[in-house]
Amino acid sequence: MAETTTHSYLENTGRYKGLLSWLTTTDHKRIGLMYMWAMMVFFLVGVILGEIMRLELFRPGQQFFNAQTYNGIFTIHGIIMIFTVVIPGLAAVFGNFSMPLLIGAHDVAFPRLNLFSWYLFIAGAAIALASQFMGNGPPDTGWTFYAPYSTQTHTNVVAAVFGAFVLGFSSILTGLNFIVTIHRLRAPGMTFFKMPLFPWSIYATAWIQVLATPIVGITLLMIIAERWFRIGFFDPSLGGDPILYQHLFWIYSHPAVYIMILPAMGVITEIIPTFSQKRIYGYRAIAMSSLAIAGVGYFVWAHHMFTSGISTTERWIFSLLTFLVAIPSAIKVFNWVGTMYKGSISLKPPFIFALGFIFLFMIGGLTGLVQGSLATDIHVHDTAFVVAHFHYIVFGGVGFAFFAALHYWYPKMFGRMYNFRRANIAFAFMFIGFNLLYFPQFILGLMGMPRRYFDYLPQFTAGQQISAVGGWLLLVGIIIMLVNLFSKKGAKAPDNPWGGKTLEWTIPSPPTVENFENIPEVTEQPYNYD
Amino acid sequence: MEHTETHITDYRVYGWVLLALLVFTTITITVTWIDLSAFTVMVALIIASVKSVIVLRYFMHLKFESKMFTVFVVMVLSIYVLVIGLTFFDYLLR
Amino acid sequence: MHRDDLGARLGMWIFIFTEILLFGGLFLVYAVMRHRYSDEFHQAAHQLNAFIGTLNTVALLLSSATVAMSITAVQKGEKRMGVLFIPITLVCAGIFLFNKYLEWGHKISIGLYPGSDMMIGLKHGYILFFSLYFFMTGLHMLHLVVGSIILTIIMVRIQTGSINAGRITLLENGGLYWHLVDLIWIFLFPLLYLIT
């Protein structure tokens, strides 16, 4: 161990060289990067599938392929983006890379389990992707696998469902690892209320991963059993109830939205005090709101089912709970803005991405209330309005927060800087492109454009074409960003390029294998800028 | 917290616990011979819950662990009960 | 790096939570279906042999007790006792599996299994009851088999001395997993066999 402490984690110090040294690593920083590379590939595949759908929708009627192909494409787009990009997303990449650094630990609690989670992640993704090429063609159920269609369609649902099951297992083990890490490996003196807020959000996220994912796991197994053995749980002709599937599915899949967004909020909470050079406003309120979002977020699932035929009581209860979850989310936004107030703000790329996040997240969040309200939901349910809403949350929120985190911790990850001007240009393209892409979908949805439709009425043409152009701009922005970050090495990064106060900025960039030569003793609150 | 690491339960304790569990098993079987109509399920679940608490506290050592473990177990079970309850607002009132 | 036994146990407990919720999904389906078809569930439960169910309950309770006692033995440094308790557990597991083999075998031989022509022809409540029966006991059996494998490894480890009074976490965690299997059966047994 002794000689490794002076080496950067990016150099090969172990038994193996090259690729093999990465594939056998138990270093949380390397595993974080491995998640990132894999996810980047999946993300680009998902983006390309999205752009293909936009091309097909450029004009009414059939352009390039038929409706069945379109169904297959939106299904795999959803499966890839949800299960392999945004759900593991920030938690797997930056939860792994940054969280142990922020709490002053050498590694996560179970490093080998951590590597195993990564292999499960890759295996699950491979199985899900294999569904495209095996059996009777790509699944066409949408990523939600709603019964009874998913139990009856001849397409290859089983592989996709099993892939999602394995991905869920990976997610559970990551969550388990993070909970134990945060409980047991915080630096001496770092009480829970002296812990930075990104680990707080990871902690809340990890609990949801652990407590919600098993429910979808068993539900997906039920789908497989339904297809193979006709167990009848969701088949009305055998006495089952398809709505029960929706319950079980959303008991997981709504909390899954918080698995995505909580770490995103955590990242923003790290970035804003650093670039405002000011103590975070309302530390405890932000920490507690993470737990509140996790807690209440577990009990809002049936708001996806307002038009499914559930009882009226169920509907108003879940409408109420849905509105409740808006409160802790709003507390966070308020506190971010409160932190910026009278801070000495420096408009560097991570901060700009964070601002982009706040703007897009607000639009996504407020339009969510439209659907949380029973009367208006009936109008917008299953329309492009919903598509726009969740893309504002999942891409505008999680995606932009991911890019913010990437620009924030990039110097720590690679020990290099990047070109700020190009990063800003990339942001401008992405921000404008994103809004052009999805804002028209709100309007189209209100006008009556259904989601998941291959064809549409001529009056929607203009909106769909604006969306397509927005999609191109967004793609250009993503390419500029990736080229800027990864095409050539930038200048060497200092240990603390942004003037941050959390522990990861006290160690070299890139960190050594052991992170901290001596585990620091923590005596103060984080974000002590005064 | 650390003193829990060395707690050793006596064999006899486990013997008594096993006996208690077998007694409760007998009770739960005997009760099925009595017709309790609507309460059958409830009684069965209550007895099963008592048995689980015994297993959790003694066999699974919750009694001797840090309090945190008990808090987590209670939290998880409460969440699960709430999930069932909220689902039944649909099925009971549809 | 120092060893963290409490952390390891915490990790195991969290894993147990996920298992509880995994079965929890099935219990939720059971609850909903029982609510819908309570009479048919009552009648269908008559088809299950409560005697075999009881026997299996006793076997599992006994097996749990012996795993717990094995921990005590190893903690006291009585290695031989520690090793000897585990085969008792494994024999109980064997009895359980053998009974289940008889039960399942009988049902399958008369054509009562999910997807069979006979099953599809039954009343809805019956279909769902037997589907749940096979799904829940099948998943439970899978856990029992995995638990047996883990305990066998642990037994060898105690024998070789890599589990001892000072390093007992693996045995404790294996025990926790085994008790979980017991815990689930404590609910499965009355819900499937007894509520007739």
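Since every read-out is calculated from the coordinates, none of them should be taken as a lab result. Just so we're clear, the structure is a prediction, and the values are computed from it rather than from any experiment. Glycine gets a Cβ as well: all are built from the backbone with ideal geometry, and neighbour counts include every protein chain shown.
Here are a few things to note about the model shown:
- Hull shadow area, averaged, the stretch A:397-488 [alpha-carbon convex hull, nm²]: 6.7 nm²
- Scalar couplings 3J(HN,Hα) for the stretch C:41-58, obtained by applying the Karplus form with A = 6.51, B = -1.76, C = 1.60 to θ = phi - 60°, are 5, 4, 5, 5, 4, 4, 5, 8, 8, 5, 5, 4, x, 5, 4, 5, 4, 4 Hz; x denotes Gly and Pro.
- Spread of Cα-to-Cα distances over 10 Å intervals beginning at zero, given as percent, for the stretch C:29-70: 25, 28, 30, 16, 2
- Note that the stretch A:164-176 has calculated 3J(HN,Hα) couplings of 5, 4, 5, 4, x, 4, 4, 5, 4, 5, 5, x, 4 Hz, one per residue in order, obtained from phi through the Karplus relation 6.51 cos²θ - 1.76 cosθ + 1.60 (θ = phi - 60°); glycine and proline are x.
- Distant-in-sequence amide H partners of A:T383 (H built 1.01 Å from N, under 5 Å): A:R451
- Estimated dipole of the protein assembly as shown in Debye, rounded to 20 [Cβ of Lys and Arg +1, of Asp and Glu -1, Cα centre]: 1240 debye
- The fewest-to-most ranking of C:H46, A:H407 by surrounding Cβ atoms within 10 Å reads C:H46, A:H407.
- Helix-only [θ]222 nm of the protein assembly as shown, DSSP H runs n ≥ 4, -39500 (n - 2.57) each, per residue, nearest 500: -23000 deg cm²/dmol
- Fraction of C-alpha pairs exceeding 26 angstrom in the stretch C:5-194: 38 percent, rounded to a whole number.
- GNM flexibility winner over chain B from B:V53, B:V81, B:V31 (Cα, springs under 10 Å): B:V81
- Estimated translational D of the stretch C:145-196 in µm²/s (Stokes, Kirkwood radius over Cα pairs; 10 °C; 1.306 mPa s): 128 µm²/s
- Quotient of the Cα radius of gyration of the stretch A:297-438 and 2.2 N^0.38 Å, N being its number of residues: 1.25.
- The stretch A:384-400 and the stretch C:1-79 have Cα centres separated by 41 Å.
- Separation of alpha-carbon centers, the stretch A:263-285 and the stretch A:404-422, rounded to whole Å: 18 Å
- Here each label is just a point 7 Å from Cα along the line to Cβ, and for A:W37 and B:L92 those points are 5.5 nm apart.
- FRET efficiency for C:K123 and A:D495, using Cβ-Cβ distance with R0 set to 51 Å, rounded to 0.05: 0.10
- Zero-based 5 Å bins, Cα pair distances in the stretch A:253-325, whole percents: 3, 15, 21, 18, 14, 11, 8, 5, 3, 1, 0
- Dimensions (Å) - the stretch A:443-530, Cα atoms, principal axes, largest first: 66, 35, 26
- Other residues lying with their Cβ under 14 Å from the Cβ of A:G32 contribute a combined charge of 0, Lys and Arg counting +1, Asp and Glu -1.
- Within the stretch B:2-65, the ratio Rg/Rh, alpha carbon atoms throughout and Rh by Kirkwood, equals 1.13.
- Note on C:Y113 and C:L55: their simple-model spin labels are 2.1 nm apart, each label 7 Å out from Cα toward Cβ.
- P(r) tail fraction, the stretch A:217-304 - alpha-carbon pairs more than 16 Å apart, %: 65 percent
- In this structure, the amide hydrogen of A:R416, modeled 1.01 Å from its nitrogen in the peptide plane, lies closer than 5 angstrom to those of A:A493, counting only residues at least 5 positions away or on a different chain.
- Counting charges near C:F85 (Lys, Arg +1; Asp, Glu -1) among other residues having Cβ under 13 Å from its Cβ returns a value of +2.
- Computed from backbone phi, the HN-Hα couplings of the stretch C:164-170 come to 8, 4, x, 10, 10, 4, 4 Hz, rounded to whole numbers (Karplus: 6.51 cos²θ - 1.76 cosθ + 1.60, θ = phi - 60°; Gly and Pro given as x).
- Annotation: aspartates and glutamates with alpha-carbon distance below 13 angstrom to C:K100 (same-chain offsets under eight excluded): none found.
- Listed by chain and number, the aspartates and glutamates whose C-alpha is less than 18 Å from the C-alpha of C:K123, apart from same-chain residues fewer than 8 away, are A:E226, A:D235, A:D241, C:D39, C:E40.
- Computed lengthening from A:K488 to A:M447, 0.36 nm per intervening residue step minus Cα-Cα distance: 10.1 nm
- 5 Å binning of all Cα-Cα separations within the stretch A:59-173, expressed as whole percents from 0 upward: 2, 11, 19, 19, 14, 11, 8, 6, 4, 2, 1, 0
- Listed from fewest to most Cβ neighbours within 10 Å, the set A:H28, C:H140 follows the order C:H140, A:H28.
- Calculated over the protein assembly as shown: convex hull of Cα atoms, volume per residue (Å³): 159 Å³
- Taking the longest Cα principal axis of chain A as reference, the axis of helix A:111-130 is set at about 30 degrees.
- For the pair the stretch A:150-171 and the stretch A:463-530, the centres of their Cα atoms are 35 angstrom apart.
- For A:V108, the residues whose amide H sits under 5 Å from its own are A:H28, ignoring neighbours fewer than 5 places away on the same chain, with H placed 1.01 Å from N.
- Compared with the alpha-carbon gap, the fully stretched path from A:T376 to A:R59 is longer by 111.2 nm at 0.36 nm per residue.
- Set of lysines near B:K63 by C-alpha distance (under 23 Å), chain-local residues within fewer than 8 positions excluded: B:K51, C:K76
- Here the simple spin-label model places points 7 Å from the Cα toward Cβ, and for A:R422 and A:T26 these points are separated by 3.8 nm.
- For the stretch A:1-129, the orientation-averaged shadow of the C-alpha convex hull comes to 9.7 nm² (one quarter of the hull surface).
- Pairs of Lys in chain A closer than 13 Å at Cα, counting only those 8 or more apart or on different chains: 5
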